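Written out below as structure tokens is the structure these notes cover.
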Amino acid sequence: MVSLVFHGGHYKTGTTSLQHTLRHCEPALAAAGILYPSGPADGQFSDVQHADLVADSFAGRHDRVEAYLAGIIEAAAAKNCKTILLSSELATSFHQFPDGFARWAEATQRLFDDVRYVFVVRDAVGYATSMYRELVKSGRASFHYDAVKDELLKQLCLQQRSIAFFRKWDRKRVKHLSYRTLAADSLVRDLVKALVKFKIDPAVVAFLNSSEKQAQNIPALLLNDVYALLGAQTGQDALANEVRAMVKAGVKRGKLRRAFDDEFAARIEQAFLDVTASHVRRVFESEQPAFQRSLSRVPKKIREWLNAEAVTSEADRADAT
């Protein structure tokens, strides 16, 4: 029997960087008795993490879930690993599938000696702003304030629902960490240490972060307009598969990006950052009662993390006056 540690995100808290680092360090982790297994062989998501496993739980494919868990337990035994580490941001959505989670929890507690969950919590305003930007870039949200304020409020409260769900289920098995505290030094290194007490080689983290992600906002934002125009012309939803296929066939993001000089590209980028941040701030300030209600089952320490951005902003405004 082995123990299970499940890193569940949240979104926009360095999960992708963590997962790539864990996959890169898979042999070293195994040598230390920690298995970071590959996902299901027929998975649809990236094999760097375990979203397919959680998606199967959501969809009620419990036989597949148990078969996978049994398989990785055998793999751990073969490598003399006493701990299995899994990671997927989808775990933060378990509160939407309580029946699926009940089956998942029963299976994992039956198959493993111990089961622990670790989540990283980001301040609500910063979290919602990052999530909103992703929605805009993917064409699922608008820049227009009135059109998106309900979605922004949902993003502000999304973490809290997940936190409350897991705390109500079994707070002894669930640990929450502050994103701000982790990011102050080395988020990936300190998170891995908190997860499985394994020390990541700083050179590995530096290598994996050496090619920082280039912002793709400009071509993505323009493509959203192209989707909307073609969708309107053909009488379809802007993100219909046919519309997306037409755009993909005719527009290359790299060429689109090179059509702008650096100065104009920087202005578009800054406008995107400013407008999205402004919208989230307006919702946060105007929907305080709803936001405060979302904190009702969140522990005091985590409430402080969630409000960190607001506290900082208030202090900045006080200093300015």
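Quick rundown of the values:
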| quantity | calculated |
| --- | --- |
| Residue among Gly9, Gly33 that is in contact with a strand residue (DSSP E or B) (Cβ under 8 Å, 6 or more places away or on another chain), surrounded by fewer than 16 Cβ atoms within 10 Å (Cβ to Cβ) and either assigned by TED's automatic domain parsing to the domain that holds Trp104 or at pLDDT 95 or above (or both) | Gly33 |
| Counted residues, the stretch 69-108 - those being surrounded by fewer than 19 Cβ atoms within 10 Å (Cβ to Cβ) and of a type in the set (Gly, Ala, Ser) | 8 |
| Gln292, sole failed condition from (1) loosely packed, with under 12 Cβ neighbours inside 10 Å; (2) more than 30 Å from Ala164 (Cα to Cα); (3) under 24 Å from the mean Cα position of the chain (by Cα); (4) not β-branched (Val, Ile, Thr) | (2) |
| Members of the stretch 109-140 that are touching a strand residue (DSSP E or B) at 6+ places or on another chain (Cβ under 9 Å), in a helix (DSSP H, G or I) and surrounded by fewer than 21 Cβ atoms within 10 Å (Cβ to Cβ) | Gln109, Leu111 |
| Which listed residue is modelled with pLDDT under 75, surrounded by 13 or more Cβ atoms within 10 Å (Cβ to Cβ) and part of a helix (DSSP H, G or I), from Ile218, Ile163 | Ile218 |
| Pair list, Cβ under 8 Å, 6 or more apart: the stretch 187-199 residue free of Cβ contacts under 8 Å to residues at least 60 places away in the same chain, other residue assigned to a helix (DSSP H, G or I) | Arg189/Pro202; Arg189/Val205; Asp190/Leu182; Lys199/Arg189; Lys199/Val192; Lys199/Lys193 |
| Test: residue in the stretch 232-241 that is on the phi > 0 side of the Ramachandran plot and either modelled with pLDDT of 80 or more or exposed (fewer than 14 other Cβ atoms within 10 Å of the Cβ) (or both) | yes |
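The values are calculated or read from the model by the stated rules, or taken from the named source; none is laboratory data. Since the model is a prediction, treat every value here as computed from it, not as a measurement. All Cβ positions, even for glycine, are placed from backbone atoms using ideal geometry, and neighbour counts span all protein chains on display.
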